[in-house]
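S.K.: The structure is given below, and queries will be raised subsequently.
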Amino acid sequence: MADTPATGHSRDDPPDGAPPDAGLAMAAGGVSRALQSMTAISQADGVALMLADGHGRLRAVGGSSAEGLELQYAEQSEQSGPAHESVAADRPVAVADLRRHGGAGYERLARRAASVRAVLSIPVHVEGTATGALNFYRRTPGRWTSDHIAVAEHLAETAADLLVQLAAVVPEHRGL
């Protein structure tokens, strides 16, 4: 980040007098805008992000819609689902229909996130490690093609780059 000559602040610094968590709010806004853009690019109904916490449990970070957040919170609560499988196996996991996918965990996810039917989960790698998953979802059942998977993998790389950039910015704003 380049300093501006007039103020000595980075162009990403919150304005003078902004609350101390303004950097965090800016980061959240950046993630939200990125998920909205990824939805349009992927032609999915929505995109949501889960990241591992300090104990390795996946946590909901954000979603492009309420349905995506419902799915993330259901996966977080159940500690199972496509994102968990994707991170554990370090590969894409495509589910054509949550309601018809086997297993009690999927039955619970399908009930809790009833408006989501198809999910494509892609691991997000930071420094070579799967640290989370990007979930692409649709409101109707359907197969995910190799083209969908290729686009989603590219977007997961973009998400990882964004997370690394935001991780560097947020501590600066919080005085860490």
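S.K.: What shape does the stretch 61-123 take by its C-alpha gyration tensor, where a ≥ b ≥ c are the square roots of the eigenvalues and a/c under 1.5 counts as rounded, a/b above b/c as prolate, and the rest as oblate? Kindly include the intermediate steps, with their values, before the conclusion.
M.R.: On the way: a/c = 1.41, a/b = 1.10, b/c = 1.29.
Because its axes are fairly even, with a/c under 1.5, the stretch 61-123 counts as rounded.
S.K.: Hey, what do the phi angles of the stretch 81-96 turn into as Karplus ³J(HN,Hα) couplings, whole Hz, using 6.51/-1.76/1.60 and θ = phi - 60°, x for Gly and Pro?
M.R.: With the stated coefficients, the stretch 81-96 comes to x, x, 4, 5, 5, 4, 5, 4, 8, 6, 7, x, 10, 10, 10, 6 Hz.
S.K.: Quick one: length gained pulling V126 to Q79 fully straight, 0.36 nm per residue minus the C-alpha distance? It would help to have the intermediate numbers written out before the result.
M.R.: Numbers: separation 47, 0.36 × 47 = 16.92 nm, distance 2.11 nm.
Between V126 and Q79, full extension yields 14.8 nm more.
S.K.: Using modelled amide H (1.01 Å from N, peptide plane; none on Pro or chain starts), what sits under 5 Å from the amide H of D45, excluding residues fewer than 5 places away?
M.R.: Y137, R138, R139
S.K.: Quantify, in whole percent, the carbon and sulfur part of the accessible surface of the stretch 77-176 (1.4 Å probe; protein heavy atoms only).
M.R.: Numbers: 2560 of 5020 Å².
Within the stretch 77-176, the accessible surface is 51 percent carbon and sulfur.
S.K.: List the residues, sorted by chain then number, that are 5 or more residues from G62 or on another chain and whose placed amide H is less than 5 Å from its amide H.
M.R.: Those lying under 5 Å, H to H, from G62 are L49.
S.K.: I need two numbers for the stretch 97-163: Rg to one decimal and Dmax as a whole number, Cα atoms only, in Å.
M.R.: Taking only Cα atoms of the stretch 97-163, I get Rg and Dmax of 13.3, 35 Å.
S.K.: In addition: Residue by residue through the stretch 54-64, which ³J(HN,Hα) values in whole Hz follow from phi under the Karplus form 6.51 cos²θ - 1.76 cosθ + 1.60 (θ = phi - 60°), with glycine and proline marked x?
M.R.: x, 10, x, 8, 6, 10, 5, 10, x, x, 7
The values are calculated or read from the model by the stated rules, or taken from the named source; none is laboratory data. What you are looking at is a predicted structure, and each value in this text was computed from that prediction instead of being measured. Accessible surface areas use protein heavy atoms only, side chains included; no ligands, DNA or RNA. Shrake-Rupley method; radii C 1.70, N 1.55, O 1.52, S 1.80 Å.
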